[in-house]
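The values are calculated or read from the model by the stated rules, or taken from the named source; none is laboratory data. What you see is a predicted model, and the numbers here were worked out from it, not measured in a lab. Cβ coordinates were reconstructed from backbone atoms using ideal geometry, including for glycine residues, and neighbour counts include every protein chain displayed.
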Ligand code: PAF
């Protein structure tokens, strides 16, 4: 589900509108929509890196009016220290969005988004019972609440998400289906540093020593894919666990091999099924996630 980058090349907009309230944002988008322009949306929590900017460029090529949001959503953090330490870089984020060709950025406060607590409880069945959902209870409910609110405010035609957060994309697709929302979810390939490390706002919090070790995550995942032809699913999982144990700085939280559509852990390689390996590991205090398709 990716768009062709060459579809509609456009020049970046010279002016980017910055809005902080829901009312102003809706007022700004009303004439855009009534002119028949399509809206592409990139929701973010800021601390923007090349991965986010790639999503903005994809939105720019696929739609007429590109909106980004920057909102560190408190209700998706199950670790208060993580929320407190989440990098906030508003000024440089705004600059990067302008350069990437964004037309409007929505920068709400917590009070603007949650004037009263939102107690919606979603049912994602199996999708949030494994991996991130299992180790970060309540996380995906918090993500779904904020993404639903953002979709209701922006009413995008297409919304762009990075596949690094593979389970998040699957859950948002499920939410859109459940709520019959008229938005196309575009899943975009993970953007990596030259050494293979998946780009993430959390990478900024790694020490230089940790940063030098971090690419081992992608190296191990790539090694696991190479073993698919010769080893069983159980053997590949054991191999990955051993590889992480060889690097004492890592604490592996989980490595799962799941069906890409249902997120149900698989027990054997089945031809024709899309199968993905997903990992979460602590490097010192920083929790990193990544994934790879078994092709
Ligand atoms: O992936 C993220 O940055 C966040 O989970 C999202 C989708 C912006 C919701 O807060």
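Within region 43-59, restricting attention to residues that are in contact with a strand residue (DSSP E or B) (Cβ under 6 Å, 6 or more places away or on another chain) and not in a strand (DSSP E or B), the residue that is nearest to residue 110 (Cα to Cα) is 46.
With respect to the stated conditions, residue 91 fails to be in a helix (DSSP H, G or I), farther than 21 Å from residue 59 by Cβ and within 16 Å of the ligand (Cβ to nearest atom).
Residues checked against (1) under 30 Å from residue 121 (Cβ atoms); (2) touching a residue at least 60 places away in the same chain (Cβ under 8 Å):
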position: 163; (1), (2): yes, yes
position: 179; (1), (2): yes, no
position: 187; (1), (2): yes, yes
position: 210; (1), (2): no, yes
position: 219; (1), (2): no, no
position: 235; (1), (2): no, no
position: 256; (1), (2): yes, yes
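For residues that are within 14 Å of the ligand (Cβ to nearest atom) and in a helix (DSSP H, G or I), scanning just region 60-77, find the one that is nearest to residue 140 (Cα to Cα). If we take residues in region 60-77 being within 14 Å of the ligand (Cβ to nearest atom) and in a helix (DSSP H, G or I), then 76 is nearest to residue 140 (Cα to Cα). What are the residues in region 98-112 that are away from the ligand (no atom under 14 Å from the Cβ), surrounded by 15 or more Cβ atoms within 10 Å (Cβ to Cβ) and within 22 Å of residue 199 (Cβ to Cβ), if any? Passing the criteria: 98, 100, 101, 102. Checking 134, 129 one by one, the residue that is more than 9 Å from the ligand (Cβ to nearest atom) and either within 13 Å of the chain's Cα centre (by Cα) or without any contact (Cβ under 8 Å) to a residue 40 or more places away in the chain (or both) is 129 and no other. When region 26-42 is filtered for residues that are closer than 15 Å to residue 103 by Cβ and either in a loop (DSSP other than H, G, I, E, B) or within 10 Å of the ligand (Cβ to nearest atom) (or both), the ones remaining, listed by number, are 35, 37, 38, 42.
With the condition kept exactly as written, say whether any residue in region 99-119 is touching a strand residue (DSSP E or B) at 6+ places or on another chain (Cβ under 8 Å) and more than 28 Å from residue 24 (Cα to Cα).
no
Within region 138-161, restricting attention to residues that are over 20 Å from residue 107 (Cβ atoms) and either at pLDDT below 95 or touching a strand residue (DSSP E or B) at 6+ places or on another chain (Cβ under 9 Å) (or both), the residue that is nearest to the ligand (Cβ to nearest atom) is 158.
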